[in-house]
1. Being assigned to a strand (DSSP E or B) and among the β-branched types (Val, Ile, Thr) is the filter; apply it to region 118-145 and report the residue that is farthest from Gln103 (Cα to Cα).
2. Output yes when any residue across region 42-62 is within 22 Å of Met138 (Cβ to Cβ) and of a type outside the set (Val, Ile, Thr), and no when none is.
3. Are there any pairs, at least 6 apart or on different chains, whose C-beta atoms fall under 7 Å, with the first in region 39-60 and at pLDDT below 90 and the second outside any loop (DSSP other than H, G, I, E, B) and charged (D, E, K, R), and if so, which?
4. What about Ala125, is it among the hydrophobic types (A, V, I, L, M, F, W, C) and modelled with pLDDT under 90?
5. When the residues of region 39-66 are narrowed to those that are part of a loop (DSSP other than H, G, I, E, B) and surrounded by 10 or more Cβ atoms within 10 Å (Cβ to Cβ), which ends up farthest from the chain's Cα centre (by Cα)?
Amino acid sequence: MPKSTSCSRSARLPLLLGVLLLAPAAWAARPINNTPCPPVMQISQTPLATPPGWSLMADPRRDANHHLQAVTFFSGDPQDMAALSPDIEKRTPKGYSSTWRFQQHGGQQQDYWIGCSYTDTNLIAVRKLADNISQCDMTQYLSDRKRPGGSVDIVCY
């Protein structure tokens, strides 16, 4: 009986070594940041000027939360509005998929930023991407009206 145990242990050793050698490659392929945009933002709206005779009220039929609608990637400070076009765009039966690839220039890492757009607001949430991110993939699902406007998934590597 002990002989078969040592035989099965020696048979498992190459398998264990193979798993340990492949583990770093599997870890490298994992997303660095899955959905880097907050899915919902709460934003207070304040009127700047209301014409005489008019008043404003919250519409109870509308969702007060602002849901992630789209993303934009910027090269450098987003205030400069240097938006990047996707490197790859595809239409799928469920929506659209886009891929942005970020490259170094002259041996130095360029600053890349993400801008997250939300429903029913003109505000964009912006944040610098980590220097080790080289690609972001976005899927924008179709809304019920067969137009973009459904949910958005983003994964960055």
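1. The first filter runs over region 118-145 and keeps only residues assigned to a strand (DSSP E or B), leaving 118, 124-128, 135-142.
Still in the running and among the β-branched types (Val, Ile, Thr): 124, 126, 139.
On the way: Ile124: 24, Val126: 20, Thr139: 21 Å.
The selected residue is Ile124.
2. No, region 42-62 contains no residue that is within 22 Å of Met138 (Cβ to Cβ) and of a type outside the set (Val, Ile, Thr).
3. Close Cβ pairs (under 7 Å, with a partner that is outside any loop (DSSP other than H, G, I, E, B) and charged (D, E, K, R)) do not exist here.
4. Working: among the hydrophobic types (A, V, I, L, M, F, W, C): yes; modelled with pLDDT under 90: no.
No.
5. Per the criteria, the residue is Gln45.
The values are calculated or read from the model by the stated rules, or taken from the named source; none is laboratory data. Predicted model, so just to flag it, every value in this text is computed and none were measured. Counting neighbours? That spans all protein chains shown, and the Cβs are built from the backbone with ideal geometry, glycine included.
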